[in-house]
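Below is one structure, written out as structure tokens; the observations come after it.
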Amino acid sequence: MAEEFRDETDRDRYAMYVDGALVSVLDYRVNGDAIAFPHTYTVPAHRGRGYAGKLVAYAVDDVAATTTKRIVPMCWYVGQWFDDHPEHAALLSRGVAD
């Protein structure tokens with residue numbers, strides 16, 4: 001089973017493919033020093049396999065490695081992911097004045 005992750009900038013989304021088939025997407029919107037994640041979706045036939053979690057982890061790691069933007073989790077799933085991964089909490093506020 002080959003997993004592939006892509007930042008599809010022309011569609012403002014991260015996408016996960018398994019064996020060439022699209023299984024999950026994470027939409028994003030860039031606004032100044034922030035990137036919002038408003039929607040996560042997994043194709044119904046592929047739900048329950050942890051694909052959305054893998055995709056969110058990939059996107060969070062990509063934002064951390066390639067930008068200084070803070071992440072705004074507008075989607076409940078992304079919010080829950082951050083609750084479950086508090087080691088990434090600094091990404092929610094980096095660059096924001098205290």
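Which of the residues belonging to the stretch 7-40 are among the basic types (Lys, Arg) and surrounded by fewer than 15 Cβ atoms within 10 Å (Cβ to Cβ)?
Of everything in the stretch 7-40, those that are among the basic types (Lys, Arg) and surrounded by fewer than 15 Cβ atoms within 10 Å (Cβ to Cβ) turn out to be Arg11, Arg29.
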How about the stretch 43-66: which of its residues are open to solvent by 20 Å² or more (accessible area, probe 1.4 Å) and touching a strand residue (DSSP E or B) at 6+ places or on another chain (Cβ under 7 Å)? Val43, His46, Lys54, Tyr58, Asp62
In the stretch 51-98, which residue that is among the β-branched types (Val, Ile, Thr) and outside any loop (DSSP other than H, G, I, E, B) is nearest to the chain's Cα centre (by Cα)? Val56
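The values are calculated or read from the model by the stated rules, or taken from the named source; none is laboratory data. Quantities reported herein were computed from a predicted structural model and do not represent experimental measurements. Because the Cβ atoms are built from the backbone with ideal geometry, glycine has one as well, and the counts that use them run over all protein chains shown. Just so you know, the surface numbers come from the protein's heavy atoms only, side chains and all, with ligands and any DNA or RNA stripped out. Shrake-Rupley method; radii C 1.70, N 1.55, O 1.52, S 1.80 Å.
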